[in-house]
Amino acid sequence: MPYKGRVRNRRTGSEFFHTQSKGRQTFAKSGGPGGRSTKCLVIATGALRNHRIIYNHMVVDERRTDLLLHALADSTRRDIVRLVLRGEHSVSDLSRRYPMSFAAVQKHVAVLERADLITKHQRGRERIVRGRIDTVRDVNRLLDELEASWRDRMQRFSDVLAEPDEGDTP
């Protein structure tokens with residue numbers, strides 16, 4: 001494999017040797033067992049620019065992704081999304097379903113609204129909550145992309161582990 005240089009992880013300070021062959025980029029951590037380098041990871045086909053790695057050229061709006069995953073991280077919010085996707089509910093109706101205060105349910109609804117998973121509108125004196133199926137489909141698509149990316153990475157990792165080391169004899 002042609003040697004391309006060293007890469008330093010800014011956060012941990014770890015140093016890796018960077019090589020490339022067959023369009024794959026391999027990073028080997030220096031100072032492995034016995035004082036030699038050990039292969040540790042094959043990175044997705046991508047470009048190394050300014051010590052940043054672009055995985056599969058997958059562009060993800062990080063802020064929106066964070067909002068969506070944060071909103072769906074709580075079981076109460078997931079349940080609220082399930083309910084309002086089946087039909088409209090008022091915030092007061094939702095608050096009666098859960099063993100928490102009205103204000104706590106309002107905060108959950110606000111988090112879901114910020115993530116664009118639900119919409120609220122006024123009907124008389126009540127705030128009516130409605131689910132947004134298009135955003136739920138976007139979340140599903142995002143999770144499918146992430147799953148495919150991780151499956152691909154794990155396959156490449158498995159391929160590297162299956163390759164014999166350069167110093168090993170057959």
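The values are calculated or read from the model by the stated rules, or taken from the named source; none is laboratory data. If you're wondering where the values come from, they're calculated on a predicted model, not measured in any experiment. A quick note on method: Cβ atoms are made from the backbone with ideal geometry, for glycine too, and the neighbour counts reach across all protein chains shown. Quick note on the areas: whole protein, heavy atoms, side chains included, nothing else; ligands and nucleic acids left out. Shrake-Rupley method; radii C 1.70, N 1.55, O 1.52, S 1.80 Å.
Quick notes
- Filter result (buried (at least 18 other Cβ atoms within 10 Å of the Cβ) and in a helix (DSSP H, G or I)) within the stretch 74-90: Arg77, Ile80, Val81, Val84
- Selection within the stretch 117-137 - outside any strand (DSSP E or B) and open to solvent by less than 90 Å² (accessible area, probe 1.4 Å): Leu117, Gly124, Arg132, Ile133, Asp134, Thr135, Val136
- Output for the stretch 76-89, where each listed residue is of a type outside the set (A, V, I, L, M, F, W, C) and over 20 Å from Leu142 (Cβ atoms): Thr76, Asp79, Arg86, Gly87, Glu88, His89
- Every pair of residues 6+ apart whose Cβ atoms lie under 8 Å, when the first sits in the stretch 102-127 and is touching a residue at least 12 places away in the same chain (Cβ under 8 Å) while the second is of a type in the set (Val, Ile, Thr) and open to solvent by 70 Å² or more (accessible area, probe 1.4 Å): none
- Residue under evaluation Ser158, criteria (1) at pLDDT below 95; (2) closer than 24 Å to Leu69 by Cα; (3) among the hydroxyl-bearing types (Ser, Thr, Tyr), criterion not met: (2)
- Test: residue in the stretch 107-116 that is among the acidic types (Asp, Glu), part of a helix (DSSP H, G or I), touching a strand residue (DSSP E or B) at 6+ places or on another chain (Cβ under 9 Å) and under 22 Å from Leu68 (Cβ atoms): yes
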